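Read the structure below first, then the notes.
The values are calculated or read from the model by the stated rules, or taken from the named source; none is laboratory data. Bear in mind that the values here come from a model prediction, so they are computed numbers and not experimental data. Please note: Cβ atoms are built from the backbone with ideal geometry, for glycine as well, and neighbour counts cover all protein chains shown.
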Amino acid sequence: MIRSRTVRRTEFHTVKRIDNSRLARPIASARLREMARLIGLGALLAAATLFYAWQHFEYLQLRYRVESLKSERSQASELNQQLKLEIAGLRAPSRIDEIARRQLKLTPPVPGQVAPLEAPFEPVVAQVRPSGTFHAPVSGVRWTPPEFADRTQ
């Protein structure tokens, strides 16, 4: 007869700390490429969005500037029109005559008070003259600079 032996085994539990910090998980190169592609596309999309926002902001700023310049131009045009009207009023002969008579106490000239010019006015053309002399075209007065005064006498 066979004896059955029953062997009792005792089990031992030992506490062993496992340190997995030195283990490195292998990275799939396909997944890494996919992730790099997505990050690149995201960066490109973000850059395009920022560029659009910047352009839109500049567009709005330029519109505000154009509107303010149009406003300034219309104000300047109004001021110009007012100044033209004021100049026209100040140059009015009736106003000048009234100021001359009342404020300056001027009267019309009496006969003989105004002397006519001896020669009629003619256009004077510039001519080259010797240095140091000046001939007045109407009165004929000769002018000599002081440094040449002793030579001409």
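Could we say that Arg31 is surrounded by fewer than 10 Cβ atoms within 10 Å (Cβ to Cβ) and not in a loop (DSSP other than H, G, I, E, B) here?
On the way: surrounded by fewer than 10 Cβ atoms within 10 Å (Cβ to Cβ): yes; not in a loop (DSSP other than H, G, I, E, B): yes.
Judged against the criteria, Arg31 is a match.
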Please work out which one of (1) part of a helix (DSSP H, G or I); (2) surrounded by fewer than 10 Cβ atoms within 10 Å (Cβ to Cβ); (3) of a type in the set (S, T, N, Q) is the condition Ser68 fails and give its number. (2)
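Would you mention how many residues in region 1-51 are polar (S, T, N, Q) and at pLDDT 80 or above?
Residues of region 1-51 polar (S, T, N, Q): 4, 6, 10, 14, 20-21, 29, 49.
In the following step, the residues that additionally are at pLDDT 80 or above were identified as 20-21, 29, 49.
Total satisfying the criteria: 4.
When you check Leu79 against the structure, is it in a loop (DSSP other than H, G, I, E, B) and either at pLDDT 90 or above or surrounded by 10 or more Cβ atoms within 10 Å (Cβ to Cβ) (or both), yes or no? Break it down into steps so the answer makes sense when it comes.
Numbers: in a loop (DSSP other than H, G, I, E, B): no; either at pLDDT 90 or above or surrounded by 10 or more Cβ atoms within 10 Å (Cβ to Cβ) (or both): yes.
Spelling it out, it is not the case that Leu79 is in a loop (DSSP other than H, G, I, E, B) and either at pLDDT 90 or above or surrounded by 10 or more Cβ atoms within 10 Å (Cβ to Cβ) (or both).
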